[in-house]
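Working notes, structure below.
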Amino acid sequence: MIFVQAIAWILDGGHWVGRAGAGNPAILQRLGETLGISVISVAIAVVIAVPLGVLIGHTGRGRLVAILASNVARALPTLGLLSILLLLIGINAVPIAIVLVLLGIPPMLAGAYAGVEAVNRDTIDAARAVGMTEWQIVVRVELPLAASLLVGGFRATVLQVIATTTVASAFAFGGFGIYLINGLAQNDFVQMLAGAILVTVLCLLIDGALAVVQRLVAPRAFPAARRIRLRRRRAAGHSGPRPSRGRGPSRKVCSHEEDLQRRDRGHRRDGGDRPDARRVRQLEEPERRRIGWR
Amino acid sequence: MIEFRSVSKTYQDGTAAVEDFSLEIPARRITVLVGSSGSGKTTVMRMINRMVDPTSGTVEIDGVDVATREPVQLRRGIGYIMQNSGLLPHRSVLDNITTVPRLTGVSKADARRRAFELMEVVGLERSLADRYPSQLSGGQQQRVGVARGLAVDPNILLMDEPFSAVDPIVRDELQQEVLRIQAELAKTIVFVSHDIDEAFLLGDQVVVLERGGHIVQQGTPTEILANPATDFVATFIGAERGKRRLVVSDSTPAIGDDRVLVDGGGYPVGIIAAPGGRLEAGNPNPKSRSVSNKTDQAGDA
């Protein structure tokens, strides 16, 4: 079966080492190429998109322009653009990096401005009213609270860039895409499938790692509780997720679902005082009138 | 003393939020700005710490025009307490209280010591210091908000409907807490409210505002209650509906020397002492407000 053959191809130790060429796929070298161009492109995309997105989210200005530009960038035909740039600039890493950066910017930009924009306006207003400078508001209030969505945008950017490196392989650039190109040319479907699997697994691994990061920086409502829990778990030698015991918000990192559950249980995050409201509702009607409950 | 001199605020679309507003706010007293929504009361208050800059006119604190002060420095010297507490959700109670002192360069140890003192002042247990705002009840969050407002030991406290989102029982507690703290610390407090009962309870001076920041009446609660200046004020304080005009109930039997009072609508509202069938007279000076150390010193607010 071709799938088993592909796995065997990947697991062949000889396929990993050495320099590429003369029938040696040199997986490690290709991995290095893929990661190298990806890291550079993602870094440039982040440097451009994060400050821009934070600025848009903080000021609320230029959102339409950003959305429009993002959509245009997303709609760019990767292969066509790459071909033109290669013709204009020459066959080297620069045009490839440019294309990857262009594709990497939109999700990062969206994550940055959506994250900052989603921060409660009252929280920001209060921060300003107690005397924080605009810079302090951005760094100490908006960025920590936007962290989860920022990492979400970063995840999308990384995946987009790594997946697109395969296209670049069509133009004498290495990377995992080379197995797809060569495999197709040589009618070597085992090699093609192996290349596809390698790219997919790489993406899944990185995405999984970033998902963990995203959870760790998540709403950050209860970082102290989280640190204690992790320390305790490490000390106890647990590796897998701990069976949930007990209730209450300090139990684990606050996810959106939990947030909703907590709201259902009557704990609101916005300062509403539900338990006491319930107490009031139990009072007799004249008593409620006396205390002015409407 | 805070002084508004014919202050106006017109927004770019032409809406006039505040028109020709003049007011003196005495030092070391509670002044309550009260009015329905859209009356410009919050806008007026936010001009004091330059969260809103007037289109014309000046706001002076102890004779200094706030427009000449740098907004960030000005705000750090003025306590600000808002509805829904405005706490930073990603910081613990202690970190929230120490936020502003830390910005002004107070050492971490000093800020923490002061924060624990303040938690005691506002009635919060020390054990809550490491909690996050979402783990507190609305009332506790408001207390943290008050502690944060007091953290830099400001002369002026601005309170923007701080208790309107908590339920009546907790609100009652918090209002008493404010009176207790004020008796101790004697700050210049500007309190914005839409609740006339709250205004009468807390205010040394009550300023009733109508749309556009027009002052319809200002005075002590007693003065306003005794002589509502316009029909609007009468309606607003409930005098028109007979809510403020009380009579002794004739149907309810007496409880010892006490009589049940009913309002104009016939609803029972309270009890009055009537020893020997005669109604007692009282002095309209709430104990909580007659504080000896509250003096109108020049230059302290």
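Considering each of A:Leu79, A:Leu86 in turn, give the residue that is part of a helix (DSSP H, G or I) and either within 19 Å of A:Ile40 (Cα to Cα) or among the charged types (D, E, K, R) (or both).
Testing whether each residue is part of a helix (DSSP H, G or I) and either within 19 Å of A:Ile40 (Cα to Cα) or among the charged types (D, E, K, R) (or both) leaves just A:Leu86.
Could you check A:Ile91 against (1) more than 14 Å from chain B (Cβ to nearest Cβ); (2) of a type in the set (A, V, I, L, M, F, W, C); (3) assigned to a helix (DSSP H, G or I) and say which number it fails?
Unmet for A:Ile91, out of (1) more than 14 Å from chain B (Cβ to nearest Cβ); (2) of a type in the set (A, V, I, L, M, F, W, C); (3) assigned to a helix (DSSP H, G or I): (3).
Name the single residue that is farthest from A:Val138 (Cα to Cα) among those in the range B:66-92 being more than 8 Å from chain A (Cβ to nearest Cβ), more than 23 Å from the chain's Cα centre (by Cα) and not small (Gly, Ala, Ser).
The residue in question is B:Thr68.
Among (1) in contact with a helix residue (DSSP H, G or I) (Cβ under 7 Å, 6 or more places away or on another chain); (2) within 13 Å of another protein chain (Cβ to nearest Cβ); (3) basic (Lys, Arg), which single condition is B:Lys9 missing?
(2)
If A:Ala26 passes every condition in (1) over 21 Å from the mean Cα position of the chain (by Cα); (2) within 21 Å of A:Ile137 (Cα to Cα) but one, which one does it miss?
A:Ala26 satisfies every listed condition except (2).
Are any of the residues in the range A:105-113 buried (at least 21 other Cβ atoms within 10 Å of the Cβ), of a type in the set (A, V, I, L, M, F, W, C) and touching a Phe, Trp or Tyr at 6+ places or on another chain (Cβ under 8 Å)?
Yes: one or more hits.
(1) farther than 19 Å from B:Phe4 by Cβ; (2) away from every other protein chain (no Cβ under 14 Å): which one isn't true of B:Val170, the others all being true?
With (1) farther than 19 Å from B:Phe4 by Cβ; (2) away from every other protein chain (no Cβ under 14 Å) applied to B:Val170, the lone miss is (2).
Filter the range B:93-109 down to the residues that are hydrophobic (A, V, I, L, M, F, W, C), more than 9 Å from chain A (Cβ to nearest Cβ) and either surrounded by fewer than 22 Cβ atoms within 10 Å (Cβ to Cβ) or part of a loop (DSSP other than H, G, I, E, B) (or both) and list them by number.
Scanning the range B:93-109 gives B:Leu94, B:Val106, B:Ala109.
Would you please list the contacts, defined by Cβ atoms under 9 Å and residues six or more apart or on different chains, that run from a residue in the range A:67-91 that is in contact (Cβ under 8 Å) with a residue 40 or more places away in the chain and more than 29 Å from A:Ala114 (Cα to Cα) to a residue that is hydrophobic (A, V, I, L, M, F, W, C) and in a loop (DSSP other than H, G, I, E, B)?
From residues that are in contact (Cβ under 8 Å) with a residue 40 or more places away in the chain and more than 29 Å from A:Ala114 (Cα to Cα), the pairs are A:Ile91/A:Ala172; A:Ile91/A:Phe173.
Somewhere in the range B:251-267, is a residue under 30 Å from B:Gln141 (Cβ atoms), within 14 Å of another protein chain (Cβ to nearest Cβ) and not in a strand (DSSP E or B)?
So far as the range B:251-267 goes, no, none of its residues is under 30 Å from B:Gln141 (Cβ atoms), within 14 Å of another protein chain (Cβ to nearest Cβ) and not in a strand (DSSP E or B).
Would you check which residues across the range B:161-174 are surrounded by fewer than 24 Cβ atoms within 10 Å (Cβ to Cβ) and either in contact with a strand residue (DSSP E or B) (Cβ under 8 Å, 6 or more places away or on another chain) or at pLDDT 95 or above (or both) and list them?
Listed by number, the residues that qualify are B:Glu161, B:Ser164.
Okay, residues lined up against (1) buried (at least 24 other Cβ atoms within 10 Å of the Cβ); (2) farther than 30 Å from B:Arg180 by Cα; (3) at pLDDT below 95:
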{"residue": "B:Glu19", "(1), (2), (3)": "no, yes, yes"}
{"residue": "B:Ser22", "(1), (2), (3)": "no, no, no"}
{"residue": "B:Leu33", "(1), (2), (3)": "yes, no, no"}
{"residue": "B:Ser37", "(1), (2), (3)": "no, no, yes"}
{"residue": "B:Arg46", "(1), (2), (3)": "no, no, no"}
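Considering only residues that are in contact with a Phe, Trp or Tyr (Cβ under 7 Å, 6 or more places away or on another chain) and either outside the structural domain of A:Ala172 (by TED's automatic domain parsing) or not in a loop (DSSP other than H, G, I, E, B) (or both), which ones fall in the range A:1-32?
Hits for the range A:1-32 are A:Ile2, A:His15, A:Ile27, A:Leu28, A:Arg30.
Scan the range A:119-139 residue by residue and report those that are over 18 Å from B:Leu157 (Cα atoms) and either more than 7 Å from chain B (Cβ to nearest Cβ) or in a helix (DSSP H, G or I) (or both).
Once the filter is applied, which keeps residues that are over 18 Å from B:Leu157 (Cα atoms) and either more than 7 Å from chain B (Cβ to nearest Cβ) or in a helix (DSSP H, G or I) (or both), the range A:119-139 yields A:Val119, A:Asn120, A:Arg121, A:Asp122, A:Thr123, A:Ile124, A:Glu134, A:Trp135, A:Gln136, A:Ile137, A:Val138, A:Val139.
The values are calculated or read from the model by the stated rules, or taken from the named source; none is laboratory data. Keep in mind that this is a model prediction, so the values were computed, not measured. Please note: Cβ atoms are built from the backbone with ideal geometry, for glycine as well, and neighbour counts cover all protein chains shown.
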